[in-house]
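Down below is the structure, laid out as structure tokens.
The values are calculated or read from the model by the stated rules, or taken from the named source; none is laboratory data. Not measured: the values here are computed from a predicted model. Please note: Cβ atoms are built from the backbone with ideal geometry, for glycine as well, and neighbour counts cover all protein chains shown. Just so you know, the surface numbers come from the protein's heavy atoms only, side chains and all, with ligands and any DNA or RNA stripped out. Shrake-Rupley method; radii C 1.70, N 1.55, O 1.52, S 1.80 Å.
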Amino acid sequence: CLLSRGFDTLGEEFIFLSAVLGVSLLLRQPGRMRDEREEQEALEEQAAGRPTEPSEAAQALGLLFVGLLAILGTYVALHGHLSPGGGFPGGAIVAGAWLAIYLASGSETFHHLSSVVILDRVEALGAAAFILGGLAGVFVDGRFLANWLPLGQAGRLGSAGTIFALNVIVGVEVGAGFILLLREFIKHLDEVKPRRRP
């Protein structure tokens, strides 16, 4: 059961990684053109007198949800072997905290807190770490994804051996991937805003 579930998670990881790479390739443009477009957008927004920051109510609620989503997502990822959840839903919930940052503070703060270079590396390292964790089982027990960490007391956080470690790895990889997707969609939305104006 663990082996089939592990291969299933491995497949999900690479499907998700492929989706993030595809969206990034489709939406990313050369940096110079994007910088010129962003500068033009800022000038147009100032000229139109549009507010550049979210309302105070959106800021307060958004900041409240940042903490709640980060805590909930971390809990779901860490306790996936004890309750419904795991790395994939936990990582998606943590990425929701970045969406709350965008809603509370706007795209400039969101982009400042979501470096493409760091997120790309974290996502790639997460996928690689999952494979290396599976291969470690081959060297220890002759089976891919075999348990190679000590099992703790049943019902406790450290009671699942490699399942716990793999949940954390998947949570980090999925969280980084979803934040990358959000970043590209938000950047694309910012770029097409002026075209929608009459």
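Which order do peptides 66-74, 89-97, 169-177, 15-23 fall in by mean Cβ count within 10 Å, highest first?
169-177, 89-97, 66-74, 15-23
Roughly how far apart, in whole Å, are the Cα centres of the stretch 55-121 and the stretch 122-184?
Computed from Cα coordinates, the inter-centre distance equals 20 Å.
Counting heavy atoms of the protein chains only and a 1.4 Å probe, report the per residue accessible area for the stretch 114-198 as a whole number of Å².
51 Å²
Cβ under 15 Å from residue 121's Cβ, residue 121 left aside: what net charge do those residues give with Lys, Arg +1 and Asp, Glu -1?
Net of charged neighbours comes to -2.
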